[in-house]
Every structure is written in C-alpha cells, then in structure tokens.
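Just below is one structure, and these are the notes that go with it.
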Protein chains: 2
Amino acid sequence: MDDLTQTPREIPAKRLTTPTTVSPQLQRSIATLAAAAAAGGGLPVGWMPSTTQEWKAVIAQLDAQAISIAPAIKALFPHSVILRQIAGVTVREITPDSLDPTKAGKLLVHFHGGGYALNSGEASTGEAVLGAHYSGMKVISVDYRTPPDHPFPAAVDDAVAVWKALRAEFPAQALGTFGTSAGGGLTLALALKLRELGEALPGAIALGTPWADLTGASDSYQVNAHVDGVFSTFDGFAKAMAHLYAGTTDVTHPLISPVFADYAGFPPTIFVTGTRDILLSDTVRVYRAMRAAGVTARLEVHEAMSHAEYIYAFDSPESAVAFTDIAEFFDAHLHG
Amino acid sequence: MDDLTQTPREIPAKRLTTPTTVSPQLQRSIATLAAAAAAGGGLPVGWMPSTTQEWKAVIAQLDAQAISIAPAIKALFPHSVILRQIAGVTVREITPDSLDPTKAGKLLVHFHGGGYALNSGEASTGEAVLGAHYSGMKVISVDYRTPPDHPFPAAVDDAVAVWKALRAEFPAQALGTFGTSAGGGLTLALALKLRELGEALPGAIALGTPWADLTGASDSYQVNAHVDGVFSTFDGFAKAMAHLYAGTTDVTHPLISPVFADYAGFPPTIFVTGTRDILLSDTVRVYRAMRAAGVTARLEVHEAMSHAEYIYAFDSPESAVAFTDIAEFFDAHLHG
C-alpha cells in the first residue's frame, strides 16, 4: 500500500454510559464491569507474567473467579456432572435436568475459553452447562491440557483424541462442537485438523466470539480496546498468553490463528458476538472466510455485549437468546 | 435501574491505524476518510443549520459530493437511466447492462440514504446502480420528497404511492425493496405502513445499515463516534436532520424510528453493516427484533467498514460481496 494508508484516525477520549437499549440484567453486567474498571480492578493494563511461577499464580487467581460463579449457574441451570477420562483426556460429562430424550442420539462436545491457559478443571464448565441446559443435550466438556506446561499442539491433540473416541459411539453428523474465545479457536482447530486427517467433520459448529487472530491484526483490537468490559486489551496479558500457547510455533499457524485457514467443506456454523466485543473482528473475519468458501454460516450479534458476556450475564434474556439460537442451530443441522 | 448503571466507562483517546485485514481498495477508502478528518474536512463537529436557507445550502453542498462519484460508478457499472413519474412521484428506472432476462418478472425498489434530507435528484442513484448491476434486475429508485419543505410523512406517502402503482404490474412476492441508512429506515417504514394498510408486503427486503433509532440511544452512537469515517457523530448535524425530518411528530414514532416497531409477519430480510459502523447497533437491534418475531433474517457484517462504505468503496471486493449477498438473497426469496 502507498503512504496514504499510514494516515491514522484520531479518536478523542470518551465516557461510555450504560446503554438503555439492553435488558436490565445486561445493563447491570455492563455497569458492574465499568465499576470494576473504574476501581482499577483486574490485571494492570499491559502487565504480563515473566516466569512460569508467575504464570501459574495468575492462572490460579483468575480461575478462582471463574469457579466463583459456578454455584449461581448450578442454581439457575440444574444439572449433574460426571468426571471421566476419554482417551486419556479429562472430560466432564454434563447432563442437564432439561435433558430431551428425543435427542439421545446426539451429543455436544465443548471446549472452554480462557486464552488456552485459563479456566481448566472446575473453572471449565460454565458455558458447557448453559449449552446443555438450552439444548436439552448431554455435553462432553474437554479439559484439554494447557500452557505453560503444555503449549500447542497439546490442546489440539487432546481434542482430536476425544473426538476419535466419541466417533466410536456416534456418527459425525450427530456430534456438534462448540466453544467461546480460545474454546472457539480450538473448536475451529479441531475441525481443521480432522479435515487434514481425512476424518469426517462435526455435523455443526457453534463459535462464541472465537479467538482466531492471535497476531493482533483484527481491527476491533484497536476499535474496542477498553470498550470491551471482559477482554479489555490485546497488548499485554492476552498477547503474552498467545505466545505462551504458541510456544515454538509461529502464531500465524492456522491451527493457532484459524482466521488464516481455508474453510472449504466446513459444516454449518453459527457465530455469536456483540457490538462491544474486542473479538468482533475475529468473529466477523472467520464468518466471512466461511461464507467465501460457500459454507452455510449464520452470524448473531448482540447489542452492547462485550466478549463472552452471554456466559457471565447468564441471567439475562440476551444470554438466553444467544444459547437458544445455538440450540436451534444444532437442532436444524445435527442428525442422530 | 439502580445507581450502579450510572457508572460510566472511561475510554482513553486512541489513534486508529488503517487495518491490514481488509482489501487494498477498502484500506484506501479508510485512509482517505482518515486523511480528510485529519485535514478538518467535512462539516464542523456539532454544527447544525439554523434556518431553512442554511439547510438548503448545506444540502446542495453535500449532494454535489454524492453526484461527483456518479461518473466513476457509471464507468464501472454500465447502465441506462430513465427519469419517470409513478403516481406523481419522481423515480429513476435503472436498467443494468448486466440485466438477466430470466429475472424479468421481478423488480427491485430502492430508497436512497442521506438522513432523509440529502441525496435527492441526481445524487440519489449510486446504490441503486450497484444493486441493479449485481442483481441483474431492473431497479426503480424513488426520489421521495424531503425536508425542509416536506417533512414526515411525505417520504412514506411517496413510497406507498409508488408501491401501490407497481403492484398493478407485479405480484408483491416479485418485488424486493432495499436501501441504506435513511433509505433503510424508509424501506422499513414502507413495509410497516403496508402492513398497517392490510397490503401485501414485499417478497424480500435488504437493509444496509438502516437508520432505525433517531433518538440516538443505540450504543454504537457512543462506541463508534469518530471511529466511523462516513457518519462520524450523531450529535449535531445528524440529530438536527432527525428532527428536521420528524417535524411535528415525535422521533420515537415507529415509522420514523423503526427500531421501536414490532416485526410480526415480516418477509425475509437481509442486513449489511460493518464493525466501524456508527449504526452497527441500529442494524443489530432491528435484526434482533425481527429474529424475536420469528422472521427469516440474515445479518452480514464486514471487517473495519464504516457506515454505508460499501457504496463509496464501490471498487472494493468487500462492496462486491455485500451486493452479491443481497442479490443472492433476493434470488432466493423473490418469486415472479
């Protein structure tokens, strides 16, 4: 490009009010995040761990936050959990009280978010429970290995191992895969890897605001920096997590940054994001790549929603709509 | 809501670079808009006309800009135009050189954008030509009456009059309606008014970043203020246009701010917007309202695109995708 494209666009400082255009529950979530930011909560902007010990300490601290919302989710969305091993990988089998016996031949496979390093173990299942509840289907939530001990491709290897074992019990078109953020990225990486291996792909895929460009080039990294109340900036901690996960592999590898993949032959896929989402562009770019490849794809965007906020504002009608859209998409496209 | 929702979110000043994640043509458009903003181009931020004479002067000035791109559009998208009157309303009948004779039984009806006050006459047809070219269909572009001389409901009345006349020649399901910005709002208002009158609705609708909330409550009015290179801020000139159009009617009237309408029984509708669009929220909110009403709706979002930029960056592959999506949607849903 020529010099013209070097002209930056100056955006003055602004003060965002809580919008009146969303439900009271989502207003409360947005305002709670704004209040936390105003109080200087969360990790310091730009900070990143410098040793493995610091990584493990911050991971434990952040996982404790995710675990703290589990009782409220359990109360609103009753379910049972069985801790299992499948192909040597720890998984949680989640059965919702809303289980629909007519869907017993189908199964959902879930990959949790958290930048590939966070939300393992007991912190991993919030979204899986919501997915199980709204779909009336059983969910296998994969507790894949994470860095710093297990960088790429450990998570992809675990996903493939679980998938192959489940395929002994279910036809591929009866299996749906889903995940948010890094879980969305891993959901994409699994399908890309399966295609590479010549395996059948899932019957349908649901991607919540997938982390798809770990290079940081997406435009919403700059436009929605500080606007997003959940995932506030890429530079600093998130970028450090990207490199922690990639390890010795370049972050442009399509199994790490699936925005760079080709989507020929992909199954029907639904995307969910929000207008304040720092990964709005990651989501839109993968959606457009799929549409360009002729894939049946649907894009759902929610007013004023930050990254993955449909999980945290789980009592909001917007969250119910997001998960109901996903459930209906699986109903339409899974066969088993 | 309680006091918590009064907590604002502070966004520091930022400098947006031209993203590398879009085509060179769209990069050039984004950078050209940034350079114009940096040079202090366009209307002064916050300025608004205070007399009818000032309104007419600024409208003429802005219309001249829209007319100036017509030769380039004509060269890239060859077509012929016939100036006609239908039911006493001036229209332009656009026949693209790409006319597909197998679609002769169908027709598109176009409403231009420009805040209801701008882009009348020779300035009105840029988008109509693109729609005709990519669809291979004839387009009737309605040169509806505008304020200051003709406030609401003149534009809606003109749209209804043209529609009823065309219905003498075409079944409703053979007619598609489309428009961007205020043209999208008017496209919605026409269908809402037809439903009120007990008339058959269009077979399908295409809405480019519709101006649907003239009260200014949409969250993207604050989030994408100054981010959007085409429609930079609501406060000031745009808000003044909203009130100029509404005249003595409240701007919350659903034929003026269709985000407040109910969409039961609406035909299949496709929406197009971009991640930098100041009307991203207007678009998303109407999309969600339609989905909640059970309407078949599709949402298309483009990376780093500002309001209606698919019209101005008409040489970009993103523009081609946007209009091809619309054309395919009309192909799928119009019958004639």
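The values are calculated or read from the model by the stated rules, or taken from the named source; none is laboratory data. Quick caveat, the model's predicted, so the values are computed rather than measured. Cβ sites come from the backbone with ideal geometry, for glycine too, and all protein chains shown count toward neighbours.
For (1) touching a strand residue (DSSP E or B) at 6+ places or on another chain (Cβ under 9 Å); (2) under 22 Å from B:H302 (Cβ atoms); (3) hydrophobic (A, V, I, L, M, F, W, C), each residue gets a yes or a no:
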| position | (1), (2), (3) |
| --- | --- |
| B:A168 | no, no, yes |
| B:A174 | yes, no, yes |
| B:S181 | yes, yes, no |
| B:A204 | yes, yes, yes |
| B:S232 | no, yes, no |
| B:F237 | no, no, yes |
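Here is a check on your reading of the model: is A:S306 of a type outside the set (K, R), part of a loop (DSSP other than H, G, I, E, B) and within 11 Å of chain B (Cβ to nearest Cβ)? Walk me through it before giving the result.
On the way: of a type outside the set (K, R): yes; part of a loop (DSSP other than H, G, I, E, B): yes; within 11 Å of chain B (Cβ to nearest Cβ): yes.
Against the criterion (of a type outside the set (K, R), part of a loop (DSSP other than H, G, I, E, B) and within 11 Å of chain B (Cβ to nearest Cβ)), A:S306 qualifies.
Residue pairs whose Cβ atoms lie under 6 Å apart, sitting 6 or more positions apart in sequence or on different chains, and linking a residue in region A:247-266 that is farther than 12 Å from A:A191 by Cβ to a partner that is of a type in the set (K, R), are A:V259/A:R285.
Just the residues that are in contact (Cβ under 8 Å) with a residue 60 or more places away in the chain and either facing chain A (nearest Cβ under 7 Å) or touching a His at 6+ places or on another chain (Cβ under 6 Å) (or both), please, taken from region B:8-27. Quick ask: steps written out before the conclusion?
Narrowing region B:8-27 to residues in contact (Cβ under 8 Å) with a residue 60 or more places away in the chain: B:16, B:19, B:21-23, B:25-26.
Matches in region B:8-27: B:L16, B:P19, B:T21.
Look at region A:213-234: where a residue is more than 7 Å from every other protein chain (Cβ to nearest Cβ) and a partner is surrounded by fewer than 24 Cβ atoms within 10 Å (Cβ to Cβ) and among the polar types (S, T, N, Q), sitting 6+ places away or on another chain with Cβ atoms under 7 Å, you get A:T215/A:T252. With respect to the stated conditions, A:D63 fails to be of a type in the set (D, E), closer than 22 Å to A:E199 by Cα and in contact (Cβ under 8 Å) with a residue 60 or more places away in the chain.
Condition check ((1) out of contact with any strand residue (DSSP E or B) (no Cβ under 9 Å at 6 or more places or on another chain); (2) crowded, with 22+ Cβ neighbours inside 10 Å) across all residues:
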{"residue": "B:G247", "(1), (2)": "yes, no"}
{"residue": "B:G265", "(1), (2)": "yes, no"}
{"residue": "B:P268", "(1), (2)": "no, no"}
{"residue": "B:V286", "(1), (2)": "no, yes"}
{"residue": "B:V295", "(1), (2)": "no, no"}
{"residue": "B:V301", "(1), (2)": "no, yes"}
{"residue": "B:F314", "(1), (2)": "yes, yes"}
{"residue": "B:T324", "(1), (2)": "yes, no"}
{"residue": "B:F330", "(1), (2)": "no, yes"}
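Does A:T90 qualify as being over 25 Å from A:L108 (Cα atoms) and modelled with pLDDT of 95 or more? When the stated conditions are applied, A:T90 does not pass them. From the list A:T146, A:T95, A:T125, the one residue that fits, being over 16 Å from the mean Cα position of the chain (by Cα) and either within 21 Å of A:D63 (Cα to Cα) or β-branched (V, I, T) (or both), is A:T95.
State all residues of region B:105-159 that are among the polar types (S, T, N, Q) and not in a helix (DSSP H, G or I); if no residue qualifies, say none. It would help to see each step written out before you state the result.
As a first pass, look at region B:105-159 and keep what is among the polar types (S, T, N, Q): B:119-120, B:124-125, B:135, B:141, B:146.
Correct list: B:N119, B:S120, B:S124, B:T125, B:S141, B:T146.
Being assigned to a helix (DSSP H, G or I), away from every other protein chain (no Cβ under 14 Å) and touching a residue at least 24 places away in the same chain (Cβ under 8 Å) is a description that does not apply to A:L99.
Let's see how each residue does on (1) closer than 14 Å to B:V22 by Cβ; (2) in contact with a Leu (Cβ under 7 Å, 6 or more places away or on another chain); (3) facing another protein chain (nearest Cβ under 8 Å); (4) at pLDDT below 95:
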residue: B:T275; (1), (2), (3), (4): yes, yes, yes, no
residue: B:R285; (1), (2), (3), (4): no, no, yes, no
residue: B:A289; (1), (2), (3), (4): no, no, no, no
residue: B:G294; (1), (2), (3), (4): no, no, no, no
residue: B:R298; (1), (2), (3), (4): no, no, yes, no
residue: B:V301; (1), (2), (3), (4): yes, yes, yes, no
residue: B:Y310; (1), (2), (3), (4): yes, no, no, no
residue: B:S316; (1), (2), (3), (4): yes, yes, no, no
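Quick one: is B:I73 modelled with pLDDT of 95 or more, in contact with a Leu (Cβ under 9 Å, 6 or more places away or on another chain) and either closer than 29 Å to B:A168 by Cα or away from chain A (no Cβ under 14 Å) (or both)? Judged against the criteria, B:I73 is not a match.
When residues in region A:109-121 are screened for being farther than 16 Å from A:L188 by Cβ and buried (at least 24 other Cβ atoms within 10 Å of the Cβ), 2 of them pass.
When you scan region B:26-36, do you find a residue that is at pLDDT 95 or above, out of contact with any Ser or Thr (no Cβ under 6 Å at 6 or more places or on another chain) and of a type in the set (D, E, K, R), even just one? Among the residues of region B:26-36, at least one is at pLDDT 95 or above, out of contact with any Ser or Thr (no Cβ under 6 Å at 6 or more places or on another chain) and of a type in the set (D, E, K, R), which makes the answer yes.
Between A:S135, A:S141, A:S124, which is within 19 Å of A:E93 (Cα to Cα), small (G, A, S), modelled with pLDDT under 95 and surrounded by 24 or more Cβ atoms within 10 Å (Cβ to Cβ)?
On the way: A:S135 fails: modelled with pLDDT under 95; A:S141 fails: modelled with pLDDT under 95.
After applying the criteria, what remains is A:S124.
Can you give me the ranges of the strands (runs of 3 or more DSSP E) entirely in region B:1-94 with at least 1 residues that are of a type in the set (A, V, I, L, M, F, W, C) and surrounded by fewer than 14 Cβ atoms within 10 Å (Cβ to Cβ)? Walk me through how you get there before you give the answer.
On the way: elements: B:9-11, B:14-16, B:79-86.
Here the list reads B:79-86.
Within region B:154-188, the set of residues being within 18 Å of the chain's Cα centre (by Cα), surrounded by fewer than 20 Cβ atoms within 10 Å (Cβ to Cβ) and touching a residue at least 60 places away in the same chain (Cβ under 8 Å) comprises just one member, B:V156. Taking every residue in region B:31-52 that is within 10 Å of chain A (Cβ to nearest Cβ) and under 11 Å from A:R9 (Cβ atoms) and pairing it with any residue that is of a type in the set (A, V, I, L, M) and part of a loop (DSSP other than H, G, I, E, B), at least 6 positions away or on another chain, the pairs with Cβ-Cβ distances below 7 Å are B:L33/B:V230. Within region A:257-280, is even one residue closer than 30 Å to B:I11 by Cα, among the charged types (D, E, K, R) and outside any loop (DSSP other than H, G, I, E, B)? There is no residue in region A:257-280 that is closer than 30 Å to B:I11 by Cα, among the charged types (D, E, K, R) and outside any loop (DSSP other than H, G, I, E, B).
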